[in-house]
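Every number here is computed from the coordinates shown, using simple stated rules; none is lab data. Small disclaimer: the values here were computed from a predicted structure and weren't measured. Counting neighbours? That spans all protein chains shown, and the Cβs are built from the backbone with ideal geometry, glycine included.
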Amino acid sequence: MNELVPLALAIAPGVGIAVFIYWKDTFEKEPRRLLLICFLLGMFSILPAMALEYVGFAVLPLITFPVTTFINAFFVIGLSEEFSKFLMLRFYAYRKKEFNEPFDGITYSVMVGMGFATLENILYVDQHGMTTGVLRMFTAVPAHASFAVIMGYYMGLSKFRSNPLPAQILGLLLAVMLHGAYDFCLMVNSIPLITMGAFLSLILGIRYSLKAIRIHQIHSPFNLAELKNKDVSNDDSDS
């Protein structure tokens, strides 16, 4: 029984955030089967991320400090992990007919991101114990969620544009930049002020994510149709 506590601690935050986003998908819920597949694909995306990071870490010793830390945070870790999640989102969820409103980009992206974060959390808790799990519950997992929301926001925009590529690239780059900034600030632990920047980037990421969620909710075609129907009903009642 005691062995299940660390596992539950590792799984709970990612699943909790996934459920929160599912609840926020107000107008047309996505099929749970697709959401589960995206969550599992997020777990699977750790493999290509690890492969890319392995190559990056092999090249990294050739680069001199302090550039090493910057390259490590933004390119070896940030780009590898966000690009791996981007692939799962772009080549699976994005192609589904159920992806029929901009908010769906956020929903599917968060499922992928939380799958990734959950498996990563399990590995960290198994290696470093419950204290790490508690800390990551309030830091790393919400950070991954904010990266996913931002990527998904732009993926949702791109779905309904004649030229989707610029929005997709922008979403990926913003996720990489936030991820890289968060990791870089944690890596430079010899300078406390810079380390505090990780929490600042986390707060900004969460704030931006909540704003992105509200924007896609407000501009959902299903919400606009509902508002239009209410206006028509009010006009009929007035007449």
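Structure notes:
- In the chain, Cα pairs under 8 Å separated by at least six residues give a relative contact order of 25 percent.
- With a simple spin-label model that places each label point 7 Å from the Cα along the Cα-to-Cβ direction, the separation between Ile215 and Ser162 comes to 2.2 nm.
- Kirkwood hydrodynamic radius computed over the range 4-232 comes to 18.0 Å, based on all pairs of distinct alpha carbons.
- Taking all C-alpha pairs of the range 1-110, those more than 19 Å from each other amount to 57 percent.
- Estimated from helical segments only, the mean residue ellipticity of the chain at 222 nm is -26000 deg cm²/dmol, where each DSSP H run of four or more residues counts as -39500 (n - 2.57).
- Electrostatic tally near His216: other residues with Cβ closer than 13 Å to its Cβ, Lys and Arg +1, Asp and Glu -1, net 0.
- Burial ordering of Leu123, Leu87, fewest other beta-carbon atoms within 10 Å first: Leu123, Leu87
- Sequence of Leu204, Leu193 once ranked by neighbouring C-beta atoms within 10 Å, starting from the fewest: Leu193, Leu204
- Total formal charge among the other residues, if their Cβ is under 14 angstrom from that of Phe57, Lys/Arg +1 and Asp/Glu -1: -3
- Lys/Arg +1, Asp/Glu -1 at C-beta; the chain dipole; positive extreme among Ser162, Gln217, Val5: Ser162
- Cα-based shape type of the range 103-199, given that a ≥ b ≥ c are square roots of the gyration tensor eigenvalues and the cut on a/c is 1.5: oblate
- Gain on full stretching of the segment that runs from Leu200 to Val19 - 0.36 nm per residue minus C-alpha separation: 62.6 nm
- Given 14 as the ceiling on other Cβ atoms within 10 Å, longest exposed-site-free region of the chain for trypsin sites (Lys or Arg not before Pro) in DSSP loops: 162-239
- Chymotrypsin sites (Phe, Trp or Tyr not before Pro) within the range 104-195: DSSP coil, no more than 15 neighbouring Cβ in 10 Å: Phe138, Phe160
- One chain, two ends: Lys96 and Ala8. Fully extended at 0.36 nm per residue, the span grows by 28.5 nm beyond their Cα-Cα distance.
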